[in-house]
Each structure stands twice: as structure tokens, then as C-alpha cells.
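Please treat every number below as a calculation from the coordinates, not as lab data. Values in this document were obtained by computation on a predicted structure and should not be read as measured data. As a convention, Cβ positions derive from the backbone with ideal geometry for all residues, glycine included, and neighbour counts pool all protein chains shown.
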């Protein structure tokens, strides 16, 4: 029996320092894929490196990977005037990439794939209903201006999926209510963290790493590092982050901003306005190895997001032994323990600053052990392995002529 082929569709290049939880999930699905599968990724590229529209035989994380860049996108951390998803969807219209299995991480590209044959899985990474209802961050997603159009499009496209997996339990419930005929296809999936990469340092090594980082950046050895990791995008509200550090009024706290995006100039201006230049370092987009090093020296990871699914950075930080300070959104408040972080119920600088101060002032309470225990069930090897096992089961049924009759789209 031949091996099945999995084609993954998303607007990124896995060899670039691309920011985002979806990218991390896809990398885990490549790294931990069993040998039973042939892997294809349909993404984006840089015309100087790879020919657009041509398949390239590559290797990623030790796995053979056929890579097709359909769009030239050298700066995929910054949104242009036309949303990247729109450009990627338009580029897909020029192709027909049928496969045994297809994974989609955005709804819009499935417009191109609606007539393609194969077992299709749709991964839901945010609660779209929450995104549409949010009052702030008006530029977070274009669809917020046209909610009826989005839900009409969703209703037309969603029936093509054999499986809908969401990392947000509220989203799971809403999909089942919205599409009762498809309820049996909708499931909760844990987001994943690569615990083989994200792990804590022992206390002496952590202290040494902090001293070395402080020396390299001409900062005091007593500096307490607070980390933000993610795209500088209205959803993440980085301007609120800067205001939070100002409200904290603790000169020993230094914010590390690991990320890039459209709000980078606005954040720099806000840092200057608040006289925080000595307390904030914008390190830009960093690769996964360097990001792990930042998790390991930080006293806390902070998120000021307006809405979320389950941020991968939360799991990565916890796996590295670093506690969380977050606004009350997404899945994080449902599993965070009172020894692994603090949730701010109010999205104000003062409230978030109080939560941050509670964590960094009590390091003996928010221990590495407590943080790692929370992250353990989300191990990428286990979670990804379960998805592949389900796919293989469906594949074997199909090969024996017992394919389930899909609901007509």
C-alpha cells in the first residue's frame, strides 16, 4: 500500500524567522510526522531564493518536504495594504493541488480548494465570533467590517471539511451550534509545544544566562526581564503593553519585545512618549532557538491581547518554566493555575501592572515545576501523533472501500 500524502496550506516559509503560533503548529506537524506520510507544504517564498510556482524538494526538521511557494512574500511579518490571506488565496486559484489529506489554517484559501478531492481538515486558531464582537483593535481583522459577509462565506465553505479542529473550546461549541449537521466533525484539539526544544534551565544556568544577557546589553545584573513574544498587531495590543510597563513604575523591570509587525513604529513612538527607552528593548523577529533563550531568562511572559485562541507562546513559556501574565481572553485562563500565572480581568495598564507585579515579586510562588506541569499535556509529539493516528485510520478505511459519504456541500 502506498503512503498517503499530506498537503499543508499556509502563507509562510518555514525557513524564515516568521512570527506566529500557526507557523509553530505547522512546523510541529512536519517535525513529528510519522514515516507513513509524504509531506507537502504550499506556502510563500522569496523569488531570489526559490522559484515561485515550482515544487522544490527540501528538508525541514529532518523530514523530506516538497515545498511549493505560490507567492513572493519576503516580509511576511508585516501586513500590506492588501491582506496576505487575500493574496495567497488569489495565488492558489492558479493551482489544483489535490491530495490524500489537506490541512488548512485559514478559511479564505479554501475558496480555491472547494472543488479539490481529498480529506480536508480545517484548524481554527481563534474564536472568530469573539474577534467580530471585540470593541477595540478595529484593524485587527478586515472581516470585522463585514461580519455578515464572513459568516455567509463560512457557511458556504465549511461543509467541505471532513474534520474541524479548534484549540478554543468556546469556538468548538459555537461551530457545533452553528452547523449541527457537522457537529460530529468538530473537535477540540490542544495546541502544542515542542518540549524537546522548550525546557527550563536549572537555577545556576538560568542565573548565568541572565547575567550574560545583562552584560551583553549593558544592563544591571539585578534586572528583572519581562518578555512579550508575538506579532506587533492590533490583536496583541502592544501599545497597552508599553502603558503597562509605565504604570508598573519599577526601574528594575526591563521589557523584551520579541516580534515585528505593522505596529512597530507606533510602539517605538509610544516608548519614547512614555520615557521608557531605558526599560524596553525591541529585539525584533527571532528564530525559535533564540526565543527559547529569552523564555528561559524571563521572570514572566506578558500578553495584553484583545482576543486569542490558545497562544503558542504561553505553552512555550510555561514549558521553559516561566510564568504568565495575561488578559482574560482565549483558552489560557481555563488551564493556568495560581502557581503558573496571573490573569488580569481588566484590560487597563494599572490592572495588568498589578498582575505583573504579583508574579515578579513572588518568584518562589510561581515555580518552574508548576509551570512545566501545566505545559506537559500539550507536548507536540503526543498531540500531533494523535492527529496523525486518526488520519491513518481514515486512510485505511478509505483504502478498503469504506469511505464515509460526506454531507453535500
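Sorted ascending by nearby beta carbons within 10 Å, beginning with the fewest, 12, 37, 151 become 151, 37, 12.
In whole Å and largest first, what semi-axes does the C-alpha gyration tensor of the stretch 327-399 yield when each eigenvalue is scaled by 5 and square-rooted?
On the way: eigenvalues 284, 50, 8 Å².
Equivalent ellipsoid of the stretch 327-399: 38, 16, 6 Å, largest first.
Label sites at residue 290 and residue 250, each approximated as a point 7 angstrom past Cα along Cα to Cβ, lie 2.7 nm apart. Rounded to the nearest 10 degrees, the angle from helix 380-399 to the longest Cα principal axis of the chain is 10 degrees.
How long are the three semi-axes of the equivalent ellipsoid of the stretch 270-354, in whole Å, if each is the root of 5 times an eigenvalue of the C-alpha gyration tensor, listed from largest down? Display every interim value, and only then the final one.
Details: eigenvalues 85, 70, 27 Å².
Semi-axes, largest first: 21, 19, 12 Å.
Explain nothing, just the number: relative contact order of the chain, from Cα pairs under 8 Å at least 6 residues apart, as a whole percent. Write out the running numbers ahead of the final one.
Numbers: 758 pairs, mean separation 63.8, N = 409.
About 16 percent, as a whole number.
Sorting 57, 162, 36 from the fewest to the most surrounding beta carbons within 10 angstrom yields 57, 36, 162. Per residue, the convex hull spanned by the alpha carbons of the stretch 207-296 comes to 90 Å³. According to the calculation over all Cα-Cα pairs in the chain, the P(r) per 20 Å bin from zero is 26, 57, 16, 0 %. With helices as the sole contributors, the chain gives -10500 deg cm²/dmol at 222 nm; each DSSP H run of n ≥ 4 counts as -39500 (n - 2.57), and the sum is divided by every residue. Over all distinct Cα-Cα pairs of the stretch 1-73, the Kirkwood formula returns a hydrodynamic radius of 12.5 Å. Rounded to the nearest 5, the antiparallel percentage of DSSP beta bridges internal to the chain is 10%. Taking Cα atoms only, the orientation of helix 238-248 departs from the longest principal axis of the chain by about 20 degrees. Distances between every pair of Cα atoms in the stretch 1-43, grouped in 10 Å steps from 0 to the bin holding the largest one, split as 26, 54, 17, 3 percent. Relative to the dominant Cα principal axis of the chain, helix 147-157 is inclined by about 40°. For q = 0.09 Å⁻¹, what log10 I(q)/I(0) does the stretch 203-377 give under the Debye formula with an equal point scatterer on each alpha carbon and no solvent? Listed by q, the Debye log ratios stand at -0.26.
I'm checking a number: the convex hull volume of the Cα atoms of the stretch 233-281, normalised per residue, in Å³. What is it?
On the way: hull volume 3.2 nm³, N = 49.
Hull volume normalised by residue count: 66 Å³.
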